[in-house]
Structure formats: C-alpha cells, structure tokens
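Working notes for the structure below.
Each reported figure results from applying straightforward, stated rules to the coordinates on display, with no laboratory input. Note that the coordinates shown come from a computational prediction; the quantities given were computed from them, not determined experimentally. Quick reminder, even Gly has a Cβ in these numbers, built from the backbone with ideal geometry, and neighbours come from all protein chains shown.
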Amino acid sequence: MIPGVTIPLDRTEFLAGLVAGGIALALRVLASVASPARARPGWEWGSAGLLFAAAALIGLDLTHDAPGGLVGGTALAALGVAVAGSAGRGSAAQGGARLRRAARLVAVGPGAWVVAAHGAIPGERWVRVLVFATIVAGSELVADFDHRAARLGVGPVLFAISVGGVYATVPDTEQALVLLGVAAPVALLGWPLRGARLGRAGSAAAVAVLAWSAAVGGVGRPSSIVGAVGCLGLFVVGPLIPRLARLSLPVLVAAHGLLVLVSARVAGLRPTVHAAVIVVLLELVVGVAVCGMARQRP
C-alpha cells in the first residue's frame, strides 16, 4: 500500500518558502507595471526560474543555513548560461542554435560541479554525479520546453508540479517543503498571469536547487533521489512532442502530472536504486514512444 502525502501548511519551512515566493511574485508584478517594456515575459533577469531559485535560496538559508556551495554554484550556473546565450546570438540559424546549445551545456558545468561537490550533499559518490548530470542536462531540457510552450505560460506551472513530486517522494522533506512554498506563488507567473517564463538562466538555477533538494532530502532512501530526479517528467520527453504550443494547458498538466506521479510514488518508493532506475527509464521510454507515434501522424 502506498502511503499518502500531506502538506503541513503550518510548518516553518513551508511558510518561509511561501513568504519568499510571494515577495518574488509581488516584485515581478510591480516590475511589469512600472516598466512593461523590460518586464515582458521573455526578460531573462525577471524570469520565473531566477525568481524561484532566489526565493528558494533565501528560504533555505533562513530555515537551514543554505550551504555556500549551493548558493554560489546556483548563481554560477545561471550566470554561465546567460553569458553563453548572449555570446552566441547572431550566429547562423541552425548551426548557430547548435553552437549556442553546446556553449550553454559547457557553461553550466562549473556551477553544476560547485553545487554537486561543495553543496554539502551527503551519501555516496553516485548521488553527486547524478546531481551534476541533472543540472547540466536538465537546465537545457527545461529551458527548451519552457521556450517552446511560452505562449501557454506552462513552464512555471509544470516546474511547480515537479517540485511537488520531489516533496512527495523524499523521506526528509524539510528542504523540499521550502521549495514547495516558493513554487506555489511563483507558478502564477506562468498561469494565469503569463507574465514570465522560466528562462534559460532561470531554468539552470531552478534545476540546480531542485536537484540539490532531491539529493539532500532523499539520503534516507536513495531510490527516492532517482524518483525525484525523474519528476522532471515532461520536460525530458518534451523535445519529441510535435506542435507542443498547440496543445492545451490541461493536456500538458495532466501528462506531466502522470509522469511525476509514477516517478514520485512508484519509482521513488522502490526498495533499491536499481529498481527505481528501471521504473523511471521504462516510464520515459513509454513517454518517448507515445511522442514518437504522435510525430508520425499526418
């Protein structure tokens, strides 16, 4: 029998995250009112991803003294992606896009390494390797999905669901509870406000905080770390979804929610890491197969 999940709304961690996230939301809304031209949805430094990461780090520091490696590594990852993106602009269309993607993957590496190696992550070495790989690959996958579905404002909403999945699977929920409190108000920037995307630098920062929280909170049951990483769900299979922007918000939320549910409450509760990896891989293979069949339709 799978145990249920409850959210203690009166816990200090959740309230700290909720306040930090609420302030981030208010500042972004005020910025859009004061300077609409600069606060448009594509404005990177007002992105929902950066606001989420900044508010989460503040909440974590207030409740658990966030490690310097987490704070510095998250900032370095976001800065690296932002600089790489700026440097690659103006290149030829297809070749330039590939060059920019490669540059971003390289640029996020140092920040990912700082988080993994100096973020006070307990457990075995493979956990830190997984955190590093999740930040590097996840930052690009999340940003790509967020960009393609920008019209729907779905990126921040789906990321909030991923955060909920992390909370639902890790045995030690103190850090994830802070992130859950932050994600709730920040998600409103995606829908219904449609005032900000996660952004590329923001995606790197947000994934860094999420991956760190999964590793720290899952140390008591290592399989939950695999399940928590799998909660990126639709962000991973998103590149194979044809005409992504034409799909409705409810369809994307339902599909992502199903993937997150399997990762969090099936893979994350397996007795061994190997079993969790198999469940997540099977889940993603099914998702890829479904997307592949959709591509072949006329």
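Overview of results
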item	result
Under the span-like rule (Cα at least 30 Å along the axis, Kyte-Doolittle mean at least 0.0), DSSP H helices of the chain	12-34, 93-118, 125-148, 273-296
Highest-fluctuation residue, SER224, SER263, SER32 considered, GNM on the chain with Cα pairs under 10 Å	SER32
Amide N proximity, the stretch 44-74 versus LEU249 label position 7 Å along Cα-to-Cβ, cut-off under 20 Å	47-52
Most positive-pole-ward Cα, LEU60, THR173, PRO185, against dipole of the chain from beta carbon charges	PRO185
Loop-exposed trypsin sites (Lys or Arg not before Pro) per DSSP, neighbour cap 12 Cβ within 10 angstrom, longest uninterrupted part of the chain	90-242
The stretch 12-221, dipole about Cα centre (Lys/Arg Cβ +1, Asp/Glu Cβ -1), debye to the nearest 20	960 debye
For LEU15, LEU281, order by how many other beta-carbon atoms lie within 10 Å, fewest first	LEU281, LEU15
Computed [θ] at 222 nm, helices only, for the chain once each DSSP H run of length n ≥ 4 contributes -39500 (n - 2.57)	-23500 deg cm²/dmol
Dmax and Rg, reported as Rg then Dmax, of the stretch 149-264 (C-alpha, Å)	13.6, 42
All-pairs Cα distance distribution in the chain, expressed in whole percent, bin size 5 Å	1, 6, 13, 17, 20, 19, 14, 7, 3, 1, 0, 0
GNM result for the chain, Cα springs below 10 Å: residue of LEU18, LEU152, LEU193 fluctuating most strongly	LEU193
Relative contact order %, the stretch 12-221, counting alpha carbon pairs below 8 Å whose residues are six or more apart	37 percent
